[in-house]
Amino acid sequence: MTAKTQNFPFGLALVSIIFLAALNFGHSETTVPILGFHGIIDPQNNNIKSVAIPEEMHYSKQELEKLLNDLIINDYWFLSTQDLYNFYLTKSQEIPANYRRKKPIMLTFDDGYKSVHTKLLPILSKLEKQYGQKVKIVLFINPSRLEQKASSSKTHLSCEEIREGLQKDFYDIQSHGLNHRDLTNLSRREIVRELLHARTILRRCTEDLDPKQQVGSHFAYPYGAYNKQVESYVSRYYLSGYLYNNETFDYTCQQNPYQIPRLIVNYNKSSQQIIKMAKDIALINNQACQQEEKGQGVRQRGLGGFPHERLRTRRAG
């Protein structure tokens, strides 16, 4: 075991505590933190290398359970993508009375790793029994493996596992593209295939459990990469699009539904960095919203994101 691995649980404990403090510190009635996770590991079993993604993208099973406990105790409301769309983006529905005093948050997990099911689903069931509250998580999945019926992936979710989490009402199943390809590098025909085929496979896997066809209705850009052409095609087939860009969502600014920001969560950020990130982001969001309120924003209110947004974001995602 390396020194880095030995320090892993302690460092994550600091991250979890400080991150929660940052969320509480930076929370206002107009912001919704959207956290972006990937795989989950169990450092106590020292199986970091068993998941095929870079080590810095993992998150500890033990620390995630502590974080979820704290969020429940502090009265957070775990949003689905459709919740965000209905209540905060389009405001087409009123927030239910029993949620109006709760603090909204969204937990997203990219790429459809099996560790979410094997390590997190039991925790979600345990927390429901303990608190009587269901923690909803959003899975942005690349479903190309689901077509390979003979395949039994050791690293990625099967259709049966997706269905189990959906049936228990813990999973919100959404699209991350068919093969996790950078859409900005593809032809128009390839983009359409990545978008449409992913949605088709996800809905075929879950259709009897999803009468409203909410599965595969929202999209997370692979690598967080997008441009005008990609956004245009995503808007044809999905209700919203999610970035991976270390921004927080402030619904008073009426952001572009295809540029929804997410915070990058991994164990590499120190406690000081997380505090600074939360404060800086809260300040930027507040200033941008004030500019839009005064009519001084670069974009017209309701037609796009914040003035400081980049058109194309390249992050791991």
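Its convex hull of Cα atoms gives region 108-253 a direction-averaged projected area, equal to a quarter of the hull surface, of 10.0 nm². Computed extension length for residue 30-residue 125: 31.2 nm, one decimal, from 0.36 nm per residue of separation with the Cα-Cα distance subtracted. Here's how it looks for residue 245: its modeled amide H is under 5 Å from those of 262, which are all 5 or more places away or on a different chain. Computed from the Cβ-Cβ distance with R0 of 45 Å, the FRET efficiency linking residue 73 to residue 185 stands at 0.50. Taking every C-alpha pair closer than 8 Å and separated by at least 6 residues, the mean separation divided by the residue count of region 159-230 gives a relative contact order of 42 percent. By the rule of a C-alpha distance below 15 Å, with chain neighbours fewer than 8 residues away ignored, the aspartates and glutamates paired with residue 154 are 111.
Calculated accessible area for region 101-241 comes out at 44 Å² per residue, all protein chains present (probe 1.4 Å; ligands, DNA, RNA ignored). For residue 256, the residues 5 or more places off, or on other chains, whose built amide H falls under 5 Å of its own are 304, 305. Calculation over all alpha carbon pairs of region 144-201 in 10 angstrom steps from 0 returns a P(r) of 21, 45, 28, 6 percent. Across region 85-92, rounded Karplus estimates of 3J(HN,Hα) from the backbone phi angles (6.51 cos²θ - 1.76 cosθ + 1.60, θ = phi - 60°) give 5, 6, 8, 10, 8, 8, 6, 6 Hz, Gly and Pro being marked x.
The values are calculated or read from the model by the stated rules, or taken from the named source; none is laboratory data. Only a predicted model underlies this, so the values are computations on that prediction, with no experimental measurement involved. Cβ: placed from backbone, ideal geometry, glycine included. Neighbour counts: every protein chain shown. With ligands, DNA and RNA removed, areas are computed over all heavy atoms of the protein, side chains included. Shrake-Rupley method; radii C 1.70, N 1.55, O 1.52, S 1.80 Å.
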